[in-house]
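Here the structure is laid out as structure tokens; the discussion comes afterwards.
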Amino acid sequence: MSDKMKQYGTLATLIMIVASLLVFSWLTVEVSFPTFEYVSETLRRQLVPVEPYYGIAELASRFLWENRALDLIGQAFVIVTAVICCLALLKSEEEIH
């Protein structure tokens, strides 16, 4: 690599860093973000409301436990795929003539 490429590459990198810092600092000044709005005590502390879902968690867990074979087939597929990938990584590289 030539000296001009090193010099201009460093200069271009410096310009991009300064430009991105200016853009992000401008965004933090111009765009207002409600920092403590979501921490107020008047809001509910429950992340997932229970009432509107009508037992969806119970139904989902029942489906997973009743159809346990689907889960086990998925896990077996992932394990076999991982084993095949590890063997492919450890394979010796020989040239085929």
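At-a-glance table
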{"quantity": "Footprinting exposure proxy for SER92, SER32, SER61 (fewest neighbouring C-beta atoms within 10 Å first)", "calculated": "SER92, SER32, SER61"}
{"quantity": "Rough spin-label spacing in nm, given labels placed 7 Å along Cα→Cβ, for PHE63 and MET5", "calculated": "5.6"}
{"quantity": "Potential lengthening between PHE77 and MET16 on full extension [0.36 nm per residue; Cα-Cα distance subtracted]", "calculated": "17.5 nm"}
{"quantity": "³J(HN,Hα), Karplus 6.51/-1.76/1.60, whole Hz, each residue of the range 70-83, x for Gly, Pro", "calculated": "4, 5, 5, 5, x, 5, 5, 4, 5, 5, 5, 4, 5, 5"}
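Values quoted throughout were computed directly from the atomic coordinates according to the rules given, and no laboratory measurement underlies them. Note that this is a predicted model, so its numbers are computed, not measured. We place every Cβ from the backbone using ideal geometry, glycine too, and count neighbours over all the protein chains shown.
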